[in-house]
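What follows is a single structure, written as structure tokens, with notes after it.
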Amino acid sequence: MKFENTINRYRIMIKLKLVAFVLIFQVLSCSKSNGEEKQTVEEESQEETVTPEEEVEAEVEEETTADWKTIPVPADAGAGKVWEFQELSDDFDYDAPADAKGTEFDKKWTDFYHNQWKGPGLTEWRRENSLVADGNLQMIANRAEGSNKINLGCITSKEQVVYPVYIEANVKIANTTLASDVWLLSSDDTQEIDIVEAYGASYSELADSDQTWYAERIHISHHMFIRDPFQDYQPTDPGSWYRDGTLWREDYHIVGVYWKDPFHLEYYIDGKLVRTTSGSEMIDPNNFAEGKGLYKPMDIIINAEDQTWRSDKNITPSDKELENKENNTFKVDWIRIFKPVPAN
């Protein structure tokens, strides 16, 4: 579950500790019986190089960092191995305004897709539609001026990942017919792993159709592509659409994948193993990768998008639906990456 109340709790703790400090200081000051003792207190105060506020803030930062880093990894690292936290991970506990993301963001992310493609369907990926605020990466959708296109955000990791690797993100699916996505893609666009692909809305105004089937499911899958002539394989078994009765838009959920090797994927939701895709007949039955499976290093991509197979059916947000900014914002609280390494 999301630690969405953590920051508020720590802010309250800060206030309480500051109040306690002031009261203690006043008591100490009042208890001094002469000027010499008072002077000693003042001298000690002047020698203090770290303020109480700074000490408390440092403590808060350490505690919140520990929370997201030390949540147990649900996958098994293997015999004689442990999970090693990777610095590519990001807690998004900083501000990165839409028009100027800043150095903290730029250390790890490219503020766009991994090439110059602007997106599928009615999508127009734009840098000003992604930002980091309130402890979340946010992908915001709005109508492109004078067009039926939809402006959306997309970012790409500056480092690639490759098996064996475990990746998970704490996300809040947007309450919209648009897709909320965290995924992996090779540089040549031929191999893809979808950690989460979800559509939060239960109704489409333009299509006048119930969308509860999608609102109750998370798509967890992978693709093997041939680009010329274009061919696309992905599993179509029922297990690729995970459902447990949850409306995924209503809260934060941790979604993850263990890319164990080229022929083995494990998908986790809220710490529970919900799907395993294993073997050449599930990974690459058409032999697009010539027997190598999912072997290529991949970029991490986080985005929201309109998808052609949906907007062709008019399952896309209306202007009225897009006016609700909260509904049309995909949020990511953090993303963590771990590698299995030999235990000491």
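Of note:
- Fully extending the segment from residue 230 to residue 100, taken as 0.36 nm per residue of separation minus the present Cα-Cα distance, adds 43.1 nm.
- Charge dipole (debye, nearest 20) of segment 73-342; +1 at Cβ of Lys and Arg, -1 at Cβ of Asp and Glu: 300
- Global form of segment 200-327, assessed from the alpha-carbon gyration tensor, a/c cut-off 1.5: prolate
- Neighbourhood net charge (13 Å Cβ-Cβ; Lys/Arg +1, Asp/Glu -1) for residue 105: -3
- Cross-link pairs exceeding 25 Å in C-alpha to C-alpha distance, out of 108/320; 149/296; 272/339; 108/260, comprise 108/320; 149/296.
- FRET efficiency for residue 326 and residue 79, using Cβ-Cβ distance with R0 set to 45 Å, rounded to 0.05: 0.45
- Relative exposure of 308, 329, 176, judged by other C-beta atoms within 10 Å (fewest first): 308, 329, 176
- Positive-end residue, segment 196-236 charge dipole about Cα centroid, Cβ charges, pick of 199, 235, 211: 235
- Inter-centroid distance (Cα atoms) of segment 68-140 relative to segment 291-314, Å: 16
- Stretchable slack from residue 313 to residue 343, in nm (0.36 nm times residue separation minus alpha-carbon distance): 5.6 nm
All of the numbers you see were taken from the coordinates with simple rules; none came from a lab. Since the model is a prediction, treat every value here as computed from it, not as a measurement. FYI the Cβ positions are ideal-geometry reconstructions off the backbone, even for glycines, and counts take in every protein chain you see.
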